Amino acid sequence: MNSLKDMLESDERFTKNKVSDEELQAWREKVEREDQERVRQALIKNRSRIYKRDSVWGTSGEQTFTFQKWNPKVQPNQKLAHDIWKKSADITKRMFDSNFNVLFYGEAGTGKTAMVLAIIDALKQHSNKLSMFVSVMDLRELIMYDFNDTEAAIKIKNIERSMREVDVLILDDFGSEAGGMKNEGSATERLQQFWFRVAEARQVKDKDGNKRYSTIVTTNNDRGDLERMYNKKIVSRLITKKAENTVVFDGLDDVRE
Ligand SMILES: Nc1ncnc2c1ncn2[C@@H]1O[C@H](COP(=O)(O)OP(=O)(O)O)[C@@H](O)[C@H]1O
Ligand SMILES: [Mg+2]
């Protein structure tokens, strides 16, 4: 009485309706599939906890926004505000099942961060993609602060690992930390090396030549500025040149209260 079949056949609930080999096989496969799905879900949950831990929100803490909350009426140019919403939503839908870089470019207070938060929300609701938010300015503070502090060093290592491997990485206000990039010194060097490693990891492609990861950058600096602040290689790996993946917020007003 050691095989599963024997066990089932000795159970009186099954003796009347004997289980065929085919039925048993199908049942086994079903159980296996369900097990695999459970393991997959547990892994996703665990990874999503890690990306939450390693997100860098800064002093304002974790923020949320949704596509539903975007209100074109807060803008004098409502048509433009609507078009920006539409293009961002279309980009997000494409991101559900493909990977590419996205650029949100424009002045402060025009809604770039709000829109990027809406994308995080939509990915969470409608896809299996995991995302991670990094306020670039606050990341710089962490990296420049004190490298001899072991706890900080471990934190930064964790953040770097997550930034390299998360499905969708958000770099909010890229270029805002750049004042410090022009300075000489080991901290600046450390920051540049950090960006090099992250940019390198984010550009990886699979065997079919498709990008493995997506990176969404918000900035109010143009490409030339960013290339001077960081490095051409870093910029070309993180920032798209494709018009269809770029949303320009110019023409919108600063609506920050
Ligand atoms: N179209 C909009 N509808 C509703 N709230 C908006 C809109 N645009 C911006 N906001 C709000 O205005 C504030 C500034 O926007 P934010 O996304 O921080 O701008 P940016 O990142 O471009 O500097 C935020 O509180 C944001 O939620
Ligand atoms: Mg912002």
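The values are calculated or read from the model by the stated rules, or taken from the named source; none is laboratory data. Bear in mind that the values here come from a model prediction, so they are computed numbers and not experimental data. Here the Cβ is made from the backbone with ideal geometry for all residues, glycine too, and neighbour counts use every protein chain on show. The protein model used for the area step is the full one, side chains on, heavy atoms only, and it has no ligands, DNA or RNA in it. Shrake-Rupley method; radii C 1.70, N 1.55, O 1.52, S 1.80 Å.
Being within 15 Å of Arg161 (Cβ to Cβ) and touching a residue at least 24 places away in the same chain (Cβ under 8 Å) is the filter here; which residues of region 200-211 pass it? Can you show your working first?
Our first condition is that a residue be within 15 Å of Arg161 (Cβ to Cβ); within region 200-211, this holds for 200-202, 204.
Selection gives Glu200, Ala201, Arg202.
Within the set of pairs 6+ apart or on separate chains, which have a first residue in region 236-257 that is within 19 Å of Ala108 (Cα to Cα), a second that is charged (D, E, K, R) and open to solvent by less than 60 Å² (accessible area, probe 1.4 Å), and C-beta atoms under 8 Å apart?
So the pair list comes out as Phe249/Lys112.
Go through region 186-206 and give me each residue that's within 18 Å of the chain's Cα centre (by Cα) and open to solvent by 80 Å² or more (accessible area, probe 1.4 Å).
Within region 186-206, Arg197, Glu200, Lys205 meet the criteria.
Go through the residues of region 50-69 one by one and say whether even a single one is open to solvent by 90 Å² or more (accessible area, probe 1.4 Å) and over 28 Å from the mean Cα position of the chain (by Cα). Reasoning before the result, please.
The initial filter retains those residues of region 50-69 that are open to solvent by 90 Å² or more (accessible area, probe 1.4 Å), namely 52-53, 59, 62, 64, 68-69.
Next, from what is left, pick out any that are over 28 Å from the mean Cα position of the chain (by Cα): none.
No, region 50-69 has no match at all.
Is there any pair linking a residue in region 148-161 that is closer than 14 Å to Met132 by Cβ to one that is in a helix (DSSP H, G or I) and of a type in the set (D, E, K, R), with Cβ under 6 Å and at least six apart or on different chains, and which?
Going by the 6 Å Cβ cut-off, the qualifying pairs are Asn158/Asp54; Ile159/Asp54.
Among the residues of region 124-154, how many are assigned to a helix (DSSP H, G or I) and either touching a helix residue (DSSP H, G or I) at 6+ places or on another chain (Cβ under 7 Å) or within 17 Å of Thr218 (Cα to Cα) (or both)?
Filtering region 124-154 for residues assigned to a helix (DSSP H, G or I) gives 124-126, 136-145, 150-154.
Among the residues that remain, those that are also either touching a helix residue (DSSP H, G or I) at 6+ places or on another chain (Cβ under 7 Å) or within 17 Å of Thr218 (Cα to Cα) (or both) are: 136-140, 142-145, 152.
The number of residues fulfilling the criteria is 10.
So in region 228-257, with the set limited to residues that are part of a loop (DSSP other than H, G, I, E, B) and open to solvent by 70 Å² or more (accessible area, probe 1.4 Å), which one is nearest to ligand 1 (Cβ to nearest atom)?
Let us first name the residues in region 228-257 that are part of a loop (DSSP other than H, G, I, E, B), namely 230-231, 239-242, 249, 251, 253-257.
Going one step further and asking which of them are open to solvent by 70 Å² or more (accessible area, probe 1.4 Å), we end up with 241-242, 253-254, 256-257.
Working: Lys241: 21, Lys242: 21, Asp253: 9, Asp254: 8, Arg256: 4, Glu257: 7 Å.
Residue satisfying both the conditions and the ranking: Arg256.
Whether any residue in region 56-73 is assigned to a helix (DSSP H, G or I), within 10 Å of ligand 1 (Cβ to nearest atom), of a type in the set (Lys, Arg) and touching a helix residue (DSSP H, G or I) at 6+ places or on another chain (Cβ under 9 Å) is what I want to check.
Looking for residues that are assigned to a helix (DSSP H, G or I), within 10 Å of ligand 1 (Cβ to nearest atom), of a type in the set (Lys, Arg) and touching a helix residue (DSSP H, G or I) at 6+ places or on another chain (Cβ under 9 Å), one finds at least one in region 56-73, hence yes.
Would it be correct to say that Lys79 is within 13 Å of ligand 1 (Cβ to nearest atom), surrounded by fewer than 18 Cβ atoms within 10 Å (Cβ to Cβ) and assigned by TED's automatic domain parsing to the domain that holds Val235? Explain how you work it out, then say what you get.
Details: within 13 Å of ligand 1 (Cβ to nearest atom): yes; surrounded by fewer than 18 Cβ atoms within 10 Å (Cβ to Cβ): yes; assigned by TED's automatic domain parsing to the domain that holds Val235: yes.
So Lys79 passes the test.
Can you pull out every residue in region 131-149 that is open to solvent by 20 Å² or more (accessible area, probe 1.4 Å) and of a type in the set (A, V, I, L, M, F, W, C)?
Applying the first criterion (open to solvent by 20 Å² or more (accessible area, probe 1.4 Å)) to region 131-149 yields 131, 137-138, 140-142, 144-149.
Met137, Leu142, Met144, Phe147 - these are the residues of region 131-149 that are open to solvent by 20 Å² or more (accessible area, probe 1.4 Å) and of a type in the set (A, V, I, L, M, F, W, C).
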